[in-house]
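The values are calculated or read from the model by the stated rules, or taken from the named source; none is laboratory data. Keep in mind that this is a model prediction, so the values were computed, not measured. Backbone-built Cβ (ideal geometry, glycine too); neighbour counts: all protein chains shown.
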Amino acid sequence: MELLRKLSERGLIYQMTAEEKLSELFDGPTMSFYIGFDATAGSLHLGHLVPLMIARHLQNEGHKPIIVVGGGTALIGDPSCRSAERSFESKETVSTWADSISVQLEHFLDFRSQENGAILLNNYSWLSKMNYLDFLRDVGRHFRVNRMLAAESVKLRLETGMSFLEFSYSLLQAYDFLHLFRDHDCVLQVGGSDQWGNIVAGIDLIRRSEGAETWGFTCPLVTTTSGEKMSKSQAGGAIWLDPSMTTPYEYYQFWINVDDKDAIYFLKLYTFIPMDEIEELSLLEGAEIRRVKERLALEATTLTHGREEALRAEKASRALFSGNGDHEDVPSLEIPAARLSNGISCLDLFVETGLCPSRGEVRRLAKQGGLYIEDKRVSDPVDNLDPENTPESILLRAGKKRYCKVIFK
């Protein structure tokens, strides 16, 4: 039970269908397993990273990952953990998102190995070819409505209402598992704990349709000490894996600013640092916990954006918070110098740089003493910058940890 134990001690396992059998699969010869990600945005976020970490652990032990981008199921919408139906997106939009996600996935897994290289698939390629009558006869007949109604994802929505479109989602995901079993000898599905019902539905479909046994397990939906989902940042926005949506510096800062109580937990989940080394880091206390979070930020950012970008983010962070180094790698925004002469206010700057989501937030922070240009507190953000005394570049700060350099050109 070596691999199962390793995953468990890192907090990566929440539910499983058969512990002894899973242990045999993990420690046995190469097996194929799959993880799916619906294309509901142009990027994956931190909520998707835990199952990707599991896939990497399994591949490192010789098993073969099948990653399914849900270009087909995203057109339906998974009702799990949702209080309302997802908004509809066009096929073209979902296809574009699926392509973007496919590129990101190549950073996390080995797709080139001859022995257990990962396979990347889009379920639109087979779901779009299905005949509705054939699907009902070949797949739908194996499902019992009373069992589907008992699923948590359905029960939570019965009072507010659920469309037949969403109600049918679990059938499509179950069929994905059946398709992969038939075409790729896939015997295991891995997903977040909100996917347990869909995973079990796929296992049951394969048993009824093929008379074969398959398995599944889930990882926890990770939350911080404060109860916040890891798919959200402290400010309420998603932490994306795409560098154009969350820069490597912002990604690094997210990790460096996690609660001290979460740092060791996240080292186990989001890095490949050996457990004995993590145990040593867990002994650090007080100000030394900063070292734990710096290691977490560096390793997590390296995994997603590469070592070079991680080191640049580390350099920028130390320049701002430790006084070591310069501001070269701090996030920046170029603004035409002519706007200084025309009049540009702090309200404009803090919104345009993205440090504040709205002018109202700028005013609120100013009242609380949380706005700075260089080391000078901004008391009245409505005032325009002085074009005669404003240097070519200025450093803005909102709150204690959000920075942006503005360069006038």
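Observations on the structure shown:
- Of the residues making up the stretch 120-145, those that are more than 17 Å from Ile76 (Cβ to Cβ) and assigned to a helix (DSSP H, G or I) are Leu133, Asp134, Arg137, Asp138, Arg141, His142, Val145.
- When Trp215, Trp196 are checked against the criterion of being over 22 Å from the mean Cα position of the chain (by Cα), within 22 Å of Ser23 (Cα to Cα), surrounded by fewer than 24 Cβ atoms within 10 Å (Cβ to Cβ) and aromatic (Phe, Trp, Tyr), Trp215 stands alone in meeting it.
- A count restricted to the stretch 273-287 and to residues that are loosely packed, with under 12 Cβ neighbours inside 10 Å and closer than 19 Å to Glu314 by Cβ stands at 1.
- Against the numbered list (1) in contact with a Gly (Cβ under 8 Å, 6 or more places away or on another chain); (2) without any contact (Cβ under 8 Å) to a residue 24 or more places away in the chain, Ala150 comes up short only at (1).
- Criterion: in contact with a Gly (Cβ under 8 Å, 6 or more places away or on another chain) and surrounded by fewer than 16 Cβ atoms within 10 Å (Cβ to Cβ) - qualifying residue of Leu133, Leu165: Leu165
- Some residue of the stretch 280-303 being modelled with pLDDT under 95, aliphatic (A, V, I, L, M), over 26 Å from the mean Cα position of the chain (by Cα) and within 30 Å of Pro387 (Cα to Cα): no
- Of the set (1) under 20 Å from the mean Cα position of the chain (by Cα); (2) over 20 Å from Phe217 (Cα atoms); (3) outside any helix (DSSP H, G or I), all apply to Glu85 but (1).
- Test: residue in the stretch 105-119 that is within 26 Å of the chain's Cα centre (by Cα), in a helix (DSSP H, G or I), of a type in the set (D, E, K, R) and assigned by TED's automatic domain parsing to the domain that holds Ala212: no
- Out of Leu7, Leu22, sole residue that is more than 28 Å from Ala150 (Cβ to Cβ) and part of a helix (DSSP H, G or I): Leu7
Matching residues to (1) under 14 Å from Phe37 (Cα atoms); (2) of a type in the set (Ser, Thr, Tyr); (3) without any contact (Cβ under 8 Å) to a residue 40 or more places away in the chain:
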site	(1), (2), (3)
Trp97	yes, no, no
Ser100	yes, yes, no
Leu109	no, no, no
Gly117	no, no, no
Trp126	no, no, no
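- In the stretch 46-60, the residues that are on the phi < 0 side of the Ramachandran plot and at pLDDT 95 or above reach residues that are hydroxyl-bearing (Ser, Thr, Tyr) and part of a helix (DSSP H, G or I) with C-beta atoms within less than 7 angstrom, at least six apart or across chains, in these pairs: Met53/Tyr270.
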